[in-house]
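The values are calculated or read from the model by the stated rules, or taken from the named source; none is laboratory data. Note that the structure is predicted; figures quoted are calculated from it, not measured. Cβ coordinates were reconstructed from backbone atoms using ideal geometry, including for glycine residues, and neighbour counts include every protein chain displayed. When the accessible area is computed, the model is the full protein with side chains, heavy atoms only, and any ligands, DNA or RNA have been set aside. Shrake-Rupley method; radii C 1.70, N 1.55, O 1.52, S 1.80 Å.
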Amino acid sequence: MKLVCDRIALSDALALASSVVPTRTTAAALSCLKFVARDGLLTISATDTEIGISTPVASVSISDEGEALIPADKLNQIVRASEDSTLSIDVNAKNVAVIKGQDSTFKIFGHEPREFPGVQAFPASKIEFETTAGMLGRLIHRTLFATAVDNSRYAINGVLVDRKGKKVRLVATDGRRLAVAKGECTRAGDGDAPQCIVPTKALNVLGKLLSDPDDPVAVARQDNLLIVRVGEGADAATLATRLVEGSFPPFEDVIPKEHDKRVTFDAGELTSAVRRAEILTNEESKGIRMAFGATQLVLSSRAPELGEAEITVDVEKYEGEPMEIGFNPKFIMDVLKVIDSPQVIIELKAPNKPGVIKAGNDFTYVVMPVSL
Amino acid sequence: MTRSPIRPLPTHLVNQIAAGEVVERPASVVKELVENALDAKATRIDVTIEGGGRDLIRVTDDGVGIPPEELPLALAPHATSKIVRAEDLEAILTMGFRGEALASIASVSRVRIVSRTRDADAAASIEAEGDRIGAPQPAAAPPGTSVSVQTLFCNVPARRKFLKSESAEASRIVETLESIAMGHPRIRFTLTNGSKTVLDLAATDDLRRRASEVLDVERAGLTGDKAPLLEANGDEGPLTVWGLVGRPELARANAKHLRIHLNGRPVADRAILHAVREAYRGLIAPGFTPLAAIFLELHPREVDVNVHPAKTEVRFRQPSMIHQGVLRAVRRALRAADLVPAFELAPSAPAPAPGAPLAWRPSGGGALSAPSWSTPSRATGGMPPLEDIAEALGVKPWAEPTPAAPATESPSALPTVARAVEILQVHSAYLVTQDAEGLLIVDQHALHERVMFEKLFERVARGPLERQSLLVPAIVECSGREIEALESLAPLFERLGIEAAPAGPRSIAVHAFPSFLFERGVDAGDFLRELVAKAADGTLGAATGEAPTALATEVESALADTLDMMACKAAVKAGDRLSIEELRELLAWRERVERSTNCPHGRPTSLRITMRDLERQFGRG
């Protein structure tokens, strides 16, 4: 395999593919990137056996077609440290890769390309739905933060994907809060798709693939894999991931169906107030008290030995009786970061009942209170 | 069936029955006889046994002796020189008082007494076996009394059969004698088993010396420059507590080396044992017992020792005050000490420093013991009230009850780790730094666990832990017994920020869990499963191995255990890399929290190599 490529384009593709490469592995092939140069196209692939990614590299000129398996770590360092505009890569039959710049020659020892487990190709016949990168990226952004790091009982260290007709929802929870983001498909298969849970890490990588909001995205299912194609034709990148097995908690039941208090805030003001109230919390006293009144919300926090804080926020609109409730400020901050509307609405019922935060019609966030 | 007529029991049968209570085994004979010797103001007591005490027990003292004419009375039941009237029972100062010991012993063995008063020219002897008491005979002996008991239980084969092996009975005798000797350092004790000298405790005024011999501090393998025994002192109302308590690393898996004396008498009171163990909670491993010699001085009015003939059980008028007083005194001693164990690099270090002598303070009882052998009460008539004697002798054995002074919280005795000092994390598990005394090695998990525990403990004292509700309850599968145990945990849950309820015949639903534990990545379901399992098998709150006396104590113990579980799960683990800020903070906490030298399970958090040891190892010493 012999080719010359644009260094910046190569660097971008390497960074993307490397995000899948496992940091600690005993299998040498898994710590490598696979290069395939064929039909004038270079594709770089990586896998950790759970997630696989294949991404094309733009602006390549191939003189000898072929395949190569090159250690990701060193290749990345070489390309990143280089100041050349183009680099040539030449891999011989003994799997030695020579990377040349204007004033540099690197030789690194690669592996036999056949040792690479491969990445599932996109099965065009099994498309579940199609949408845009902008839409899918937004859904992921608004839910991914609420997943659990580790939980043995439920499969909640991933995001639930649920499609009914052309409507698609992503749902995430860590057992104390729940985020539901709704979106539209541009095209969908007939009927409803079976729900599936996509691991957090795969969605993190997928998020990077979705950099151009106008890119078309196609999502397919095959066996226990979810395969996502981003872009079109020969330039399309593919990500394949195993699905999380197990059951997602019955989330529909925990979304309160009614409320008797409804507060409307300026999102920026609320964010600032919660951030400040959070200053005087500590490990053992996490919660902040939120006292809702007709015109004002008073936030207060108290950490024994440290001190106390009180912040007042104007309420744009309040419906219902005054009420006090405690929340972990982190859960409020998390959601305020992903809301992009100027207004947020909080719906409440009682101090021991969940609070609901809404932004527009396509986002609902349920958060459980803390006792103070 | 024909009716048996009711008849009074013959005297020797009454005595045999009484003997069943007083004389259980050879060790109880030793105890009774040695206590008589103490009451006779002996300065030296020699005990000889043969055949584990079955064949022979001889106790010889150099006390006041018994005049020949009183010898037969000494063997009569309920004859004593120690009690004159019923009021005296309210204020018992002597060791023996029931007046049944010798008679009981004689009823189940062959007893020979040889005694000589100090001013007599010759000794007299008397022999008794069963209900036959011989006449006094002239004999030759130095001043004092020697009581020999032969063929114990010869006429009670049932009891003789229940005796343990010779060596087991002998070791009980050693234990009994040690226990008494602990409370009487000014008296020399020897014990000879066959031809072998088992014990030889020199008379001393230094309690520390007697304690280190009796408590076997040397065999505990303690090294370093710190005294193995710490001085404890405290007053709580009418109670005075003093004595020596061992460093936590001396604790043993058995309770043989925890000696408690009340008014000069060894006692085995569960409440006191519990208080001592409680003071060591978190400093020693569960199931271990600290090594200590603790002396309680209490006005006899405050305690009833006449609960059982063996007199090791007592009944306090204000048991919670006693518990509190002991707990505080011991805890204060431990808090005031630097408990970081120093360890040897090579076995060349000298034996540990013994520590400053601790002058023996005779118990009110011991100092005032009325001689039992010289003044039999029936012969001489009434004695003045004991308090008058005390006053006449110028002894003030008991302080009048005074309101307890608020316990002053002494700051941690740990040498400070200088703020600017370098801290090295070794293999993501240990921290190495220096303090004023030398090189300090800290187990990061153990220390963090202790810090977490103390923080939680303090927080719970102030109010319930903050509770985070769960969106979907965590369901825990468990047994029916565990579901039953859940109910008993309700008062704990209230304080700990846990909300859980049965969700069926075989499962529990957790509805809320402390936000603190969530933050530290502790799984609510796993935690509850472990907690109810512990509660169901009775190990929760029972780590001290002692049935707590009051319900409140039980709840507190369970609370401490649960907080301990929380702390353990929330603490950093071995293998967690810590930033320099985290390392600094952890070490700073070491000086701020109590008992930071040990994790809540009692394992040490820190070890020290002293400068002295380093110098020695590098050949500079």
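Annotations for the structure displayed:
- At an R0 of 30 angstrom, the distance between the Cβ atoms of A:Ala28 and B:Val432 translates into a FRET efficiency of 0.25.
- Taking 7 Å steps out from each Cα toward its Cβ at B:Val198 and A:Glu308 produces label points 6.7 nm apart.
- Reachable lysines, given that their alpha-carbon falls under 18 Å from the alpha-carbon of B:Lys31 and they are not under 8 places away in the same chain: B:Lys41, B:Lys82, B:Lys164, B:Lys256, B:Lys311
- Using 0.36 nm per residue and subtracting the Cα-Cα separation, the extra length available between A:Arg187 and A:Thr49 on full extension is 46.7 nm.
- Each Cα pair of segment A:261-367 feeds into the Kirkwood radius, which the Stokes-Einstein equation turns, at 37 °C and 0.692 mPa s, into a diffusion coefficient of 238 µm²/s.
- Accessible area in the full protein assembly, largest first, 1.4 Å probe, for A:Arg176, A:Arg24, B:Arg315: A:Arg24, B:Arg315, A:Arg176
- With every protein chain in place and a 1.4 angstrom probe, the accessible-area ranking of B:Arg118, A:Arg177, A:Arg169, B:Arg7, largest first, reads B:Arg7, B:Arg118, A:Arg169, A:Arg177.
- FRET efficiency for the pair A:Lys201 and B:Glu530, taken as 1/(1 + (r/R0)^6) with r the Cβ-Cβ distance and R0 = 25 Å, rounds to 0.25.
- Probe 1.4 Å - accessible area at A:Cys185, Å² to nearest ten: 10
- Backbone phi angles across segment B:607-614, fed through the Karplus curve with coefficients 6.51, -1.76 and 1.60 (θ = phi - 60°), yield HN-Hα couplings of 10, 10, 9, 6, 4, 4, 5, 4 Hz in residue order; Gly and Pro are listed as x.
- For the pair B:Glu581 and B:Met611 in one chain, pulling the backbone fully straight at 0.36 nm per residue adds 8.1 nm over the alpha carbon distance.
- Pairs exceeding a 18 Å alpha-carbon distance, out of A:Lys34/A:Lys74; A:Lys74/A:Lys100; A:Lys182/A:Lys330; A:Lys353/B:Lys569; A:Lys286/B:Lys573; A:Lys164/A:Lys349: A:Lys182/A:Lys330; A:Lys353/B:Lys569; A:Lys286/B:Lys573; A:Lys164/A:Lys349.
- Size of charge dipole - segment A:2-115 - debye, nearest 20, with Cβ of Lys, Arg +1 and Asp, Glu -1, no other charges: 220
- Assigned charges on the beta-carbon of Lys, Arg, Asp, Glu; segment A:261-367 dipole about Cα centre (debye): 240
- Cubic angstrom per residue, convex hull over Cα atoms of chain A: 169
- Exposure rank, largest accessible area first [B:His448, A:His259, B:His261; 1.4 Å]: A:His259, B:His448, B:His261
- The A-B contact accounts for roughly 2200 square angstrom of buried accessible surface, both chains included, probe 1.4 angstrom.
- Compactness of segment B:118-229, expressed as Rg and Dmax over alpha-carbon positions, Å: 19.2, 60
- Computed 3J(HN,Hα) for segment A:359-366, one whole-Hz value per residue from the Karplus formula 6.51 cos²θ - 1.76 cosθ + 1.60 where θ = phi - 60°, is 9, x, 9, 10, 8, 10, 9, 10, glycine and proline marked x.
- Whole-number D in µm² s⁻¹ for segment A:1-157, Kirkwood Cα-pair radius fed into Stokes-Einstein, 20 °C, 1.002 mPa s: 125
- The protein assembly as shown: calculated mean residue ellipticity at 222 nm from DSSP helix runs of at least 4, using -39500 (n - 2.57): -8000 deg cm²/dmol
- Charge dipole (debye, nearest 20) of segment A:124-253; +1 at Cβ of Lys and Arg, -1 at Cβ of Asp and Glu: 300
- Qualifying GluC sites (Glu not before Pro) in segment A:227-266, DSSP loop, other Cβ atoms within 10 Å at most 14: A:Glu232, A:Glu245, A:Glu258
- Spacing of the two label points (7 Å from each Cα toward its C-beta) at B:Glu591 and A:Glu252, in nm: 6.1
- Shape analysis of segment B:207-335 yields a ratio of the Cα radius of gyration to the Kirkwood radius, Rg/Rh, of 0.96.
- For the protein assembly as shown, alpha-carbon Rg over 2.2 N^0.38 Å: 1.34
- Sparse-neighbour loop sites [GluC sites (Glu not before Pro); segment A:271-348; at most 12 other C-beta within 10 Å; DSSP]: A:Glu305
- Using a probe of 1.4 Å on the protein chains alone, the accessible area found for B:Ile580 is around 60 Å².
- Projecting label points 7 angstrom from Cα along Cα→Cβ for A:Asp235 and B:Lys164 puts them 9.0 nm apart.
- For segment B:207-335, DSSP calls about 75 percent of its internal beta bridges antiparallel.
- Positive-end extreme of charge dipole, the protein assembly as shown - chosen from A:Leu243, A:Cys185, A:Ser19 (charges on Cβ): A:Leu243
- Size of segment A:124-253 as Cα extents on the principal axes (Å, biggest first): 42, 30, 25
- Rounded accessible area of A:Ile346 (nearest 10 Å², 1.4 Å probe): 10
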